[in-house]
Amino acid sequence: MKIPWCSQYIPHKPFRSQLEFLLLPHLDALFGGAAGGGKSDVLLMAALQYADIPGYSALILRRTLVELKQNEALLDRASQWLRGIPTAHYAADEHTYYFDTTWPDGSPGPYAKLQFGYLGDYRVEERYQGAEFQFAAIDEAGHFENDQAPRYLFSRLRKKVCPIHKLKKDPVSGENIPNYVDRCKTCQLYKGIPIRFRMSCNPGGPGHLWIKNRYQIEKELYDYTDPATQNVTKRIRWVGKNPNKPFVPSSLRDNEYIDQRSYRQSLQELDEVRRLQLEHGDWDASPDSRFRIQDARFYKSKGEFFVINGEGIHFQDLKKIFMTADSAATVKEGMIDQSTSKNAPSETVYSVWGLTHDYKLLWLYMASMRAEIPECIKVLVQIYKVWKPQYVKMETNGLGIGPAQLAANYGLNVVNNPKSKDKLQNSINAQLRMRNHRIYLPEEAPWLKKAMDQVFTWTGHPGMADDIVDTLSDACNDVTWEGQGYDPLFKNGSVLASSLDRYIPQTFNMPLGYQKSFQPDNPFLF
Ligand SMILES: Nc1ncnc2c1ncn2[C@@H]1O[C@H](COP(=O)(O)OP(=O)(O)O)[C@@H](O)[C@H]1O
Ligand SMILES: [Mg+2]
């Protein structure tokens, strides 16, 4: 197979995993894994592949300007590659290279261009509105809190259109598509340029979860035969299971051009989790998360008992059962077309909690949904009927007042949840409680994976999805108040009585009153 290759602009010869990535015909693909695995290099190669085609347009985006400009980063490397080549011209104020081109008949064509960009504090729409690319790439996509920028850039990809034969209407879809004509050399040239969206990343960072989900990256065990001893052992590798969006993993070992030993030595300086992550890639846990997966504790449900370390706790012996709710304002909140913020689209989340007499917090149930408020409240009522919590904590100021009032009208015991707007600050009790191994998750609940995925990859970046984490934070803040100094976490009196005032619940509807012994219809609704 022959791939188009502008050898005058690409001084490097791709190694095996890079070549595999460059040959992919797919619209969307990810190159990932270890640091030093040739990610930035391969994106630059891919962008330059068609840099001799008239009017070709490529973009490589990074999260911040600093990342773009660092030594050895993209701009630096492009300048090493392209400096002194007479047909490549750099416009420093635009961070853009322009390349001379010629039409198939030999006459001069419009410039091809490769633009380097960063998002900074801008919204992606502000920067790239109206832009059209045949190639758009994001280097180190893990630095992006959510997938808004990638989704927008993806929507800016267009096939090149011949200036003579222009567009035609597709008879089936009615959309305008390029009118490629067989005998026209320009049409044939443009027909041959694929449109491509490419990303590179490393596990970790605020983007860990959306990238893992987008490319459906999963763990796979395989038999590894030691070449020296012929012993066979099981090893882990990460594979992308999305048939439309391939993932090409790469490791330091693939890159024969780098001094692997000194690179590995520099990695030894880092802490263990981070080092393994950088060297081998690990998609299960994020080292940057505020909650460490090793700190999670688990319980089993057996009949009417919750079993912790072999000891059964009957559900009636729980000190209390309560709920926390995080309501999304509307279904469309955070959607790309009308967003006013850079937040991930949010979901409505309901969590049910149980507190044991020694203040272990059990996560009993979680439901998440993207639906309009009345639909969500119906689900809330269902959950409430099943678990019969003492109360459900909901925000009753700002946008939260609507759902809270609706829930109260249904007869639920709604308690105000006064919380800090700062999610990170709101989560401090939860972080502390997790670190002290006092949060227990159900081993077999179907919703557990979704909850754990968010909690153990959440870094606290404001743009990340945090609805599930929020219900956890609210629950921990609630039981901290409940402890009032008895909570073993706070036995040294680290919670001042005055600071407890703000936690006093403001009940504005209490039809069910306090239930001393509650009888859930089916408390084990996993
Ligand atoms: N195919 C290649 N040929 C020559 N050098 C390469 C090749 N791929 C990567 N390198 C070099 O290896 C080093 C690490 O690659 P880089 O792309 O920066 O990795 P990453 O972005 O994954 O950290 C860089 O100095 C880069 O120029
Ligand atoms: Mg890089």
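Worth a mention:
- Counted residues, the stretch 6-25 - those being surrounded by 15 or more Cβ atoms within 10 Å (Cβ to Cβ), away from ligand 1 (no atom under 11 Å from the Cβ) and within 16 Å of Ile193 (Cβ to Cβ): 3
- When the helices (runs of 4 or more DSSP H) confined to the stretch 1-100 are screened for residues that are within 16 Å of ligand 2 (Cβ to nearest atom) and closer than 20 Å to Tyr118 by Cα, those reaching at least 1 such residues are found at 39-48, 65-69, 74-82.
- Any pair with Cβ under 8 angstrom, 6 or more apart, that starts in the stretch 65-81 at a residue that is aromatic (Phe, Trp, Tyr) and ends at one that is more than 9 Å from ligand 2 (Cβ to nearest atom) and part of a helix (DSSP H, G or I): Trp81/Leu44; Trp81/Leu48
- Only one of the listed residues (Cys184, Cys201) is within 16 Å of ligand 2 (Cβ to nearest atom) and of a type outside the set (Phe, Trp, Tyr). That residue is Cys201.
- Breaking point among (1) within 16 Å of ligand 1 (Cβ to nearest atom); (2) surrounded by 24 or more Cβ atoms within 10 Å (Cβ to Cβ); (3) of a type outside the set (A, V, I, L, M); (4) more than 22 Å from the chain's Cα centre (by Cα), for Tyr56: (1)
- Residue list for the stretch 101-113, filter: in a strand (DSSP E or B) and small (Gly, Ala, Ser): Gly109, Ala112
- For the stretch 375-484, the strands (runs of 3 or more DSSP E) that sit wholly inside it and include 1 or more residues that are within 27 Å of Arg214 (Cβ to Cβ) and at pLDDT 95 or above are 439-442.
- Strands (runs of 3 or more DSSP E) contained in the stretch 114-217 and holding at least 3 residues farther than 15 Å from Leu59 by Cβ, without any contact (Cβ under 8 Å) to a residue 60 or more places away in the chain and not polar (S, T, N, Q): 167-169
- Condition met for Leu119 (under 25 Å from Leu30 (Cα atoms), crowded, with 21+ Cβ neighbours inside 10 Å and touching an Asp or Glu at 6+ places or on another chain (Cβ under 7 Å)): no
- Condition met for Lys393 (charged (D, E, K, R) and in contact with a helix residue (DSSP H, G or I) (Cβ under 6 Å, 6 or more places away or on another chain)): yes
- Restricting attention to the stretch 218-237, the residues that are not acidic (Asp, Glu) and not in a loop (DSSP other than H, G, I, E, B) total 11.
The values are calculated or read from the model by the stated rules, or taken from the named source; none is laboratory data. As the structure is a prediction and not an experimental result, all values here were calculated from the model. Counting neighbours? That spans all protein chains shown, and the Cβs are built from the backbone with ideal geometry, glycine included.
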